[in-house]
1. When you scan segment 1-25, how many residues do you find that are at pLDDT 95 or above, of a type outside the set (D, E, K, R) and more than 22 Å from residue 70 (Cα to Cα)?
2. Give segment 77-108 a look and list any residue that's under 13 Å from residue 38 (Cβ atoms) and of a type outside the set (Ser, Thr, Tyr), or say none.
3. For segment 69-119, name all the residues that are assigned to a helix (DSSP H, G or I) and among the aromatic types (Phe, Trp, Tyr).
4. Show the residue pairs that are 6+ apart or on different chains and have beta-carbon atoms under 7 Å apart, the first residue being within segment 93-111 and more than 17 Å from residue 18 (Cβ to Cβ), the second being not acidic (Asp, Glu).
5. Being under 20 Å from residue 9 (Cα atoms) and of a type in the set (A, V, I, L, M, F, W, C) is the filter here, so list the residues in segment 23-53 that pass it.
6. Any idea which of 55, 39 is surrounded by 13 or more Cβ atoms within 10 Å (Cβ to Cβ), part of a loop (DSSP other than H, G, I, E, B) and touching a Phe, Trp or Tyr at 6+ places or on another chain (Cβ under 7 Å)?
7. Tell me which residues, restricted to segment 70-92, are in contact with a Ser or Thr (Cβ under 8 Å, 6 or more places away or on another chain) and either at pLDDT below 95 or of a type outside the set (Gly, Ala, Ser) (or both).
8. Let me spell it out: the conditions are (1) on the phi < 0 side of the Ramachandran plot; (2) surrounded by fewer than 13 Cβ atoms within 10 Å (Cβ to Cβ), and residue 86 meets all of them except one. Which number is the exception?
Amino acid sequence: MEYTKLEVWTNSRKLVKEIYEITKEFPKEEMYGIVPQMRRSAISIPSNIAEGSGRRSYKEKCQYLYIAKGSLFELETQLYLSKDLGFVNDLPFNKIMKTILSSKKLINGTINFLKSKQG
């Protein structure tokens, strides 16, 4: 299946958009601090899903999903730090956390599916 049709990929694109929207409101001094880190982490998720889909073996595909999952956890931590620092209030925080949770579930489900194909 083409990766652009995968829910795991489309959901992660939604997350990128949410991160870009929220980080526009961050203090200007964070444009060289946490903002680019959050954006890179977010972009890494759909990028690694796409790259993995182009790999031959299920093992390789899973490896890229694990990398995407690591970036997702990194982004989640950066979002918590942004909330701790007062850059994000509860409403956008909770909205993005819902997208992060659904991304976690989709990545885990895709990994489990691919692992079942390996054996």
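The values are calculated or read from the model by the stated rules, or taken from the named source; none is laboratory data. Bear in mind the structure is a predicted one, so any value in this text is a computation, not a measurement. Cβ sites come from the backbone with ideal geometry, for glycine too, and all protein chains shown count toward neighbours.
1. Result for segment 1-25: 0.
2. Looking only at segment 77-108, we keep the residues that are under 13 Å from residue 38 (Cβ atoms), and these are 77-83, 85, 87-88, 92-93, 96, 100.
78, 79, 81, 83, 85, 87, 88, 92, 93, 96, 100, listed by residue number.
3. Keep residues of segment 69-119 that are assigned to a helix (DSSP H, G or I), which gives 69-84, 90-118.
Listed by number, the residues that qualify are 73, 80, 93, 113.
4. 110/8; 110/65; 111/62; 111/65
5. 38, 42, 43, 45, 49, 50
6. On the way: 39 fails: part of a loop (DSSP other than H, G, I, E, B).
Checking each option against the conditions leaves just 55.
7. So the first thing to find is which residues in segment 70-92 are in contact with a Ser or Thr (Cβ under 8 Å, 6 or more places away or on another chain), and the list is 71-72, 74-75, 78, 88.
Those that are in contact with a Ser or Thr (Cβ under 8 Å, 6 or more places away or on another chain) and either at pLDDT below 95 or of a type outside the set (Gly, Ala, Ser) (or both): 72, 74, 75, 78, 88.
8. Answer for residue 86: the failing condition is (1).
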